[in-house]
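Below are the structure tokens for one structure; questions will follow.
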Amino acid sequence: MNIKKLGKIAEISSGSTPARNNLDYWNGDIPWVSTGELSSGFVNETREHVTFRAVCENSLKLLKPGTLLMAMYGQGKTRGIVAQLNITATTNQACASIEIKKDEPRYVYYVLQFKYDSIRRLSNGGSQENLSTGIIKGIQINLPPITEQRKIAEILSAQDRIIELKTKLLEEKKRLKKYLCQTLLSGKRRFPSYHEPWNKVCLSSILKEKTINCKNQNLRVYSVSVEVGVVDQIEHLGRSYAARDISKYTVVEKGDVIYTKSPTGLFPFGIVKQSQMDASGAVSPLYAVYSPKSIELGYLLHTYFSYPLNTTNYLKSLIQRGPKNTMSISNSDFLKKALHLPVDKDEIARLSDLFKQIDIEIRIMANNIEQENLKKKALMQQLLTGKIRVTV
């Protein structure tokens, strides 16, 4: 394989942001790409568009489909992300456009994707740690013959299509769950064999606060995440964040419902999850722990509160705001409101089983996608480093 710097095989430049106060520059017909639109690996559309006048007067470059884009700035993991442009567009100053001259663009795309971590380490020093067009030009690329580049790109593209298809199926399953939650947990639709009316049920009548302190210092310490639910800190986070003495922590058993009072992403008032952990554990005193009237009823609450709108609507009126916008709610206050719930034990069990089965399917599908991503990573390790050569 030949090794060349990216600047030798591509034209690299960045865009700009036309003046926001000039109405003649915005809401035109030309897509304008920002770094947030690179995360999927492909750019098929953009949120904002500029006019042809904006392109001309701001020296913006119209980029053809097939151009590669790399995020030079960005929060979190954005910096260094690369995407393929599938439309004619222009970009802001945070995106570097990489126009490949003679080599296979898709092959170079996968090389840059493979080098993501090392590219981030090339960032300039300082508080923002940005990339620059100069740094990007210096990235070294392994280049086999063009026919081999194309074959490698085809293999990795096929793996991407598998991941894309399985991701779409997963999203369909999540949409189905959301639809069933909106219809079945609201009582709008019922299983045919159940006719007993649903009641407004106060949470204080079906949840009992637990105050059992942890006497066993060897109990595993749990945390609560939005996506996974109740997790073992060491297994999920790689280490324990618990205090040395956990005697004031609350004991959690399988089926208990936990309310975390910390704002998280789309959940500004905290999250509510039921523990599915088989073994008992302990959680910080900052969490509120409740024992449900039945495990099945607890799972219905777990499902209902898994959607941000439901959680926000329930908690918003219960939250007290402090002088510095701090959030306060007591463990007993959480139980003060009521939800529209079934009262027939068999109906509760059937609804619980349905949502539990869907959640199991979602976890299996997500794990399968993770395995496909690992398979892609292994292919890239072998094919893009020359450890395995492709016969054309």
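Readers should treat all values here as calculations from the given coordinates under stated rules, not as data from a laboratory. Small disclaimer: the values here were computed from a predicted structure and weren't measured. A quick note on method: Cβ atoms are made from the backbone with ideal geometry, for glycine too, and the neighbour counts reach across all protein chains shown.
Under unit Cβ charges (Lys, Arg +1; Asp, Glu -1), what dipole magnitude, rounded to 20 debye, does the range 322-372 have relative to its Cα centre?
Dipole about the Cα centre, nearest 20: 440 debye.
Rounded to the nearest 500 deg cm²/dmol, what is the calculated helix-only ellipticity per residue at 222 nm for the chain, with -39500 (n - 2.57) per DSSP H run of length n ≥ 4?
-10500 deg cm²/dmol
Given the range 1-153 reduced to its alpha-carbon atoms as identical point scatterers, what log10 I(q)/I(0) does the Debye formula return at q = 0.19, 0.20 Å⁻¹?
Relative scattering, expressed as log10 I(q)/I(0), comes to -1.13, -1.23.
Which one, Val343, Ala282, Gln357, projects farthest toward the positive side of the charge dipole computed for the chain from Cβ point charges (K/R +1, D/E -1)?
Farthest along the dipole direction, towards plus: Ala282.
Then there's this: Place the peptides 274-280, 252-258, 212-218 in order of packing, highest mean first, counting for every residue the other Cβ atoms within 10 Å and averaging per peptide.
252-258, 274-280, 212-218
Continuing with the same structure: Which of the following values of mean projected area of the Cα convex hull in nm² was calculated from the structure shown: (i) 17.6; (ii) 25.7; (iii) 22.4?
Given (i) 17.6; (ii) 25.7; (iii) 22.4, the calculated one carries the label (ii).
Determine the gain in length on full extension of the stretch Thr88-Leu169; use 0.36 nm per residue of separation and subtract their C-alpha separation, reporting nm with one decimal.
26.3 nm
Hey, another quick one. How much length is gained if the chain between Gln140 and Ile364 is pulled fully straight, taking 0.36 nm per residue apart and subtracting their Cα-Cα distance, in nm to one decimal?
Extra length from Gln140 to Ile364 when fully extended: 76.8 nm.
Quick check: the distance between the Cα centres of the range 347-371 and the range 228-249, to the nearest angstrom?
Rounded to whole Å, the Cα centres lie 25 Å apart.
OK, next. Using a 10 Å cut-off on Cβ atoms, rank the peptides 18-25, 238-245 from the highest mean neighbour count down.
The densest-packed peptide leads the list: 18-25, 238-245.
Report the gain in length on full extension from Arg220 to Gln381: 0.36 nm times residue separation, minus Cα-Cα distance, nm rounded to one decimal.
Stretched fully, the Arg220-Gln381 segment lengthens by 54.3 nm.
Pull up the cross-link candidates among the aspartates and glutamates for Lys177, meaning alpha carbon to alpha carbon under 19 Å and not fewer than 8 places away within one chain.
Partners found: Glu227, Glu296, Glu347, Asp353, Asp359, Glu361.
What is the antiparallel percent of DSSP beta bridges lying wholly in the chain, to the nearest 5?
Of all bridge pairs located within the chain, approximately 90 percent are antiparallel.
Taking the Cα centre of the range 110-172 as origin and charging only Cβ (+1 Lys, Arg; -1 Asp, Glu), how large is the dipole, in debye to the nearest 20?
220 debye
Kindly rank 296-305, 75-84 from highest to lowest mean number of other beta carbons found within 10 Å of each residue.
Averaged packing, sorted descending, gives the order 296-305, 75-84.
Okay, next question. With charges set only on the Cβ (+1 for Lys and Arg, -1 for Asp and Glu), what does the dipole of the chain come to about its Cα centre, in debye to the nearest 20?
For the chain, the charge dipole is close to 480 debye.
Another question about this same structure. Do the alpha carbons of any pairs in Lys4/Lys387; Lys261/Lys375; Lys188/Lys316; Lys188/Lys345 sit beyond 29 Å of each other, and which pairs?
Beyond 29 Å: Lys261/Lys375.
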